[in-house]
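Encoded as C-alpha cells, the structure appears first; notes follow it.
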Amino acid sequence: LLCELFTTIRTSTVWALLLICGVMAESGRPVVTRFAPSPTGYLHIGGGRTALFCYLYAKHHGGQFRLRIEDTDADRHDEAAANAIIKGMEWLGCKHDGEIVRQSQRKARHQEVAQKLIEEGKAYKCYCSKEELDAMRAEAEKNKVPFRYPGTYRNTPPDFVPPAGVEPVVRIKTEEEGTTAWDDKVQGTIEFPNKDVDDFIILRADGSPTYLLAVVVDDHDMEISDVIRGSDHISNTPRQLQIYKQCGWQPPSFGHIPLIHGMDGQKLSKRHGATGVEQYEALGYLPEAMRNYLARLSWSHGNDEIFSTEQAIEWFDLRDCSKSASCFDFDKLKDLNAHYIKECDNERLFGLVAKLYPEIVPFKTQIQMAVDMLKPRAKTLVEYREAADFIVASRPLTLDAAAGKNVANDKAKQVISQILPVLEAYDGTWDAGALEPVITKFAEDKGLKLGQVAQPLRGALTGSTASPGIYEVMWVVGKEQVLGRLQDAVNGANKIKDPPQKAEAPPKDDKKDKKEKQKGGAPAAAAADQAEFTKLDIRVGVLTETWHHPESDKLWCEKIDIGEGAPREVASGLRAHYEADKFCAGRKVVVVCNLKPAKMAGFESAGMVLCAATEDHSKVELLEVPDGAQVGERVFIDGLSGEPLAPNQVAKKSVLKYVLPDLKTDGGCVACWQGKQIMTSAGPVKAPTMADSPVG
C-alpha cells in the first residue's frame, strides 16, 4: 500500500510539474494543435493568422503543430491550391511537425467509426427520401414551427425491414434535452440548446463522410489537444462535441479567434488588396514582418508592437486574444516591414531580393557596397530593388522627366562636359571620401554652387532627382560607368520617360458634397430625379456558407458571393422559416449590397437578403432567382436607370423607407416595385408561393 501511495504521489507530482512547465494541455494531454485548410484556393491571410496562432500556441507549450489537408470534397479539390497552401506555410515560417495528413486517405477509418456507432446504437441508418423530408419541412412551415428532423428511423424495432432500393444515410443520435456548452479559450463560455441540434448526417448515402465526422475522427486520431480556428466555426462545435460524446472520446479544448476585417470594417477580401499569403512574398514583404504583424491581429502582449518570433512563442496565450474583429492595416504592415529590412542580414537580404529580381545577381558587389544607403529608402523589397536601379540600369540611362530637365539644358551639359576630363584624369582612390574634394574643388574653380554641379551629375548618373549622396553614387557605380554615363549625357543619348498623366480634375464640389466628404462618406451618385429603387445596389448572390448565430435563435449567419471576389457576411432573421438543408451553400438569393453595415446581436451584417413575407412575418419566403441569372449581376426594372449610391453608405432609414412601401409581389408572385417587375438577365425575380405580399 505504501508503494502504491508513493507511486500515486510521484505520478501526480510529475503531471503537475508538466502542467506548470507548459508541456501539457489543460486537459492533461501533451499539447498538439493543427491547421486544417481545404485546398480550394490560396492560403488566405486569415488562414495564415490561424496557422500562426496554432504554431505559437504549440511551441509555447513545447508541443507539436500538425498540418492536415481536408481534401474530401473531390468536386472542389485543387491540388495546385494544396501545394500553394504548403508553400505559403513554408514561406510564413510555420513549420509543421510530422507528416502532412490527407483527409481523403482516411475514408475507411471514418466509415469504421460510423459503423461502430451504429453497432452501439449511437447512430442509425435513415431511409427518408428527399420527398419525405420535403413534406416534413412543408408541414413544419404550415404549423409555423422550425423544422427539426424528427428521428423517423432513430428507434426502429428489431424486426424492421429496410425499404427496398433506398441507399440510407447515417445519422448520429444527438441529445434531445439540455445544452451543449464549452469554455472557449477566446470567447468564454458558449452554450447551444440541444433542441437546436437534430440528428445530423455523418455518412452520406455514397459512403463518404461528412465534414463534421471526418474532422472529429481525424482530430481524435491525431491526438489534437487544442483546436484553434476562426469564429465562423463556432456553429460547428456543438455538433462535433455530440460526436465526441457518442464515441466516448475526450474532446479537445476550443479557441475561436475573431475574423480579420479591412479598414472599412468589412471582411478582408481582394478589394482591400492582396489577401493570399504567397502574394506578399512577391510584393516584397519579409516573412518575419508578416509573422510579427499577424500575431498582433487580435492578440497582444502589453504594448509590445515589434517582437521576434521567439518572443511571440514565449509570450503567446489565447487568453490574451480579443473577441472583436481586427483590422488589417497595409500601412502598418509596410512600416513594420521597413524595420525588418533594416535589421536583415545583408547577405540574406540580397538573396531575398535576387529571388524576386534575378537580373541583379551580376551586380551583387555594387549592391552590397550600397546596402546601408538602400535600406533606409525601402519599405519593401520591391522598393529596395527600385532604389538600386541606378546600379543595375544599362547605358544609356532613361531619365525621368525632372532629371531630364537637369541634364538636357545648356548649362548642365557645359558642367558635365567640363567635369568629364577632370574625372578622367583623376587617378586617386575611387571612394566617396576621396571624390568629395575633387567635386568641391571643381565647383569652386568654376565659381559654381555645389548644387549646380550635383544636380546634373545626379540626373546623368542615376536618371532621377532622388538618390543617395552623389559621392556615394559615383563610388558604387564605379569610374568606368561614371565616365560612360556622363559622356552619354553630353552626347544627348539619354531617353526621357513620359511624365505621369495627370488625372482630370473632378467637377467642383458643392457645399453639400464637401460636407459629405468631410464626414468620410462619398458624394451621392444619384441624380435629383433618379428613381429611389435604382439607388439601391441589389444583386444576385449565392450562399457559400451558413451557420446559426451563436447568440440568437432567430438569426442565420451567411456568407454570400455577390461577385466581389470574396463573400460578404450577412445576418438574416430566417431561422424560424428555413432549416439548414434549405438555407445552405449553393442557393441563389437577392441581396441589397450597399447598405451601411449594421450589428445584429453582435454580428456585423453587410447586406440584406430580400424575402416576401406576411405582415406579421408568420410566413416568409426567400425571393427566387431564375435559372441562368449570373452571380453578381444587378437586378433592374425596365424603363428605370441610374447608378446606385456608394457601397456601404445607404442607411436603412433613408433610401429604404422610400423603397420598401412599394416593394411587393404581384398576383403571379413576381417581385415588383410600384407595380413594375424586378428583372434579371434570365427573367423576373419571384417568390415561390406568396402573391400580393410585402417584400423586404
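Laid out as a table, the results:
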item	result
Residue among Glu615, Glu643 that alone is more than 34 Å from the chain's Cα centre (by Cα), at pLDDT below 85 and open to solvent by 60 Å² or more (accessible area, probe 1.4 Å)	Glu615
Scan of the range 179-221 for residues that are among the charged types (D, E, K, R) and over 19 Å from Pro150 (Cα atoms), ordered by number	Asp183, Asp184, Lys185, Glu191, Asp206, Asp218, Asp219, Asp221
Pick from the range 436-470, criterion of a type outside the set (Lys, Arg) and over 25 Å from Ala402 (Cα atoms), ranking: most open to solvent (accessible area, probe 1.4 Å)	Glu444
Of residues in the range 649-690 being part of a strand (DSSP E or B) and β-branched (Val, Ile, Thr), the one modelled with the lowest pLDDT	Val650
Residues of the range 169-189 classified as surrounded by fewer than 16 Cβ atoms within 10 Å (Cβ to Cβ) and either in a strand (DSSP E or B) or modelled with pLDDT of 90 or more (or both), total	8
Tally of residues being under 21 Å from the mean Cα position of the chain (by Cα) and modelled with pLDDT of 85 or more across the range 58-88	12
Leading residue by the ranking (most open to solvent (accessible area, probe 1.4 Å)) among those in the range 397-435 that are among the acidic types (Asp, Glu) and part of a loop (DSSP other than H, G, I, E, B)	Asp427
Selected residue (only one of Phe328, Phe254 is open to solvent by less than 10 Å² (accessible area, probe 1.4 Å) and at pLDDT below 90)	Phe328
Residue, farthest from Asp199 (Cα to Cα), within the range 211-251, restricted to residues that are of a type outside the set (A, V, I, L, M, F, W, C), in a loop (DSSP other than H, G, I, E, B) and open to solvent by 30 Å² or more (accessible area, probe 1.4 Å)	Glu223
The listed residue being closer than 23 Å to His577 by Cβ, open to solvent by 20 Å² or more (accessible area, probe 1.4 Å) and more than 38 Å from the chain's Cα centre (by Cα), out of Pro146, Pro162, Pro150, Pro157	Pro150
Inter-residue pairs, beta-carbon under 7 Å, first at positive phi and in the range 597-625, second open to solvent by 10 Å² or more (accessible area, probe 1.4 Å) and part of a strand (DSSP E or B), 6+ apart	Gly607/Arg568
Count of the range 299-325 residues which are open to solvent by less than 50 Å² (accessible area, probe 1.4 Å), farther than 30 Å from Ile190 by Cα and in a helix (DSSP H, G or I)	1
Tally, over the range 545-587, of residues that are assigned to a strand (DSSP E or B) and hydrophobic (A, V, I, L, M, F, W, C)	6
Flag for Asp196 being in contact with a Ser or Thr (Cβ under 9 Å, 6 or more places away or on another chain) and acidic (Asp, Glu)	no
Index of the failed condition, Phe350 passing every other in (1) crowded, with 18+ Cβ neighbours inside 10 Å; (2) in contact with a Leu (Cβ under 9 Å, 6 or more places away or on another chain); (3) under 26 Å from Gly469 (Cα atoms)	(2)
Residue among Ala108, Ala74 that is surrounded by fewer than 23 Cβ atoms within 10 Å (Cβ to Cβ), part of a loop (DSSP other than H, G, I, E, B), at negative phi and of a type in the set (Gly, Ala, Ser)	Ala74
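The values are calculated or read from the model by the stated rules, or taken from the named source; none is laboratory data. On a predicted model such as this, the values are computed, not experimentally measured, just so you know. Every residue, glycine as well, gets a Cβ built from its backbone with ideal geometry; the counts of neighbours run over all protein chains shown. The accessibility values were calculated without ligands, DNA or RNA, using every heavy atom of the protein model including side chains. Shrake-Rupley method; radii C 1.70, N 1.55, O 1.52, S 1.80 Å.
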